[in-house]
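Some notes on the structure that comes next.
The values are calculated or read from the model by the stated rules, or taken from the named source; none is laboratory data. Because the structure is predicted, anything quoted here is derived from the model rather than measured. Cβ sites come from the backbone with ideal geometry, for glycine too, and all protein chains shown count toward neighbours.
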Amino acid sequence: MNPNEERLRQLLVRGLAGDAPAYHAFLQDLSAHLRAFLRRRLTRLPDEVEDLVQETLLAVHNQRHTYDAGQPLTAWVQAIAKYKLVDLLRRRATRDVLTDPLDDDFDLASPSDTEAAEARRDLGKLLAQLPDRQRLPIVHMKLEGLSVAEAARLTGMSESAVKVGVHRGLKALAALIRGNA
């Protein structure tokens, strides 16, 4: 386990057990990690970073009773941070403000470049097995972040066909991953 994650996890667990100084240290340390995580994703909205850090810390505090000490802390915190980020983006109705996809691993336990390259290669191989009517909508919408209308324009498909293509393509990918194809 990543030493930073383990330290944060221990501080949170002690804080949940009533150790106020440990909980304060947890929030201080976590805020620094959240700030870096959100700053990388909001390069075009730097003024929003601090507000989002505070919103996320408040949500972590309010939901602290839901943390399962047997599970990775980063996954739990990252989920909360992602929801807050998505809420911000919805409120602002702004596109293309992220420099990194939302699904990147949290800074505390980020995978190596080799693992990321292998994952991209594996995903490429799986996508190559899909027909264009499924593959292209997934690539445009899920990987490139385009809207349904933009994907429809690029593929020459109707918006309904794009939605169906994504749905069926994701189902097909799941089957390929399970080895049922």
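Computed values, structure above
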read-out	value
Check on residue 69, more than 18 Å from the chain's Cα centre (by Cα), outside any helix (DSSP H, G or I) and touching a residue at least 12 places away in the same chain (Cβ under 8 Å)	yes
Which numbered condition residue 114 misses (of (1) over 26 Å from residue 90 (Cβ atoms); (2) among the β-branched types (Val, Ile, Thr); (3) modelled with pLDDT of 90 or more)	(3)
Scope segment 29-62; condition at pLDDT 90 or above and among the charged types (D, E, K, R); matching residues	29, 50, 51, 55
Answer residue from segment 126-153, given it is charged (D, E, K, R) and more than 22 Å from residue 90 (Cβ to Cβ) and is surrounded by the fewest Cβ atoms within 10 Å (Cβ to Cβ) among those	132
Residue match in segment 166-175 (condition: at pLDDT 90 or above and in contact with a Pro (Cβ under 7 Å, 6 or more places away or on another chain))	yes
Filtered residues of segment 26-68 (kept if in contact with a Gly (Cβ under 8 Å, 6 or more places away or on another chain) and buried (at least 18 other Cβ atoms within 10 Å of the Cβ))	26
Failed item in (1) in contact with a helix residue (DSSP H, G or I) (Cβ under 9 Å, 6 or more places away or on another chain); (2) surrounded by fewer than 15 Cβ atoms within 10 Å (Cβ to Cβ); (3) at pLDDT 90 or above, with residue 156 passing the rest	(1)
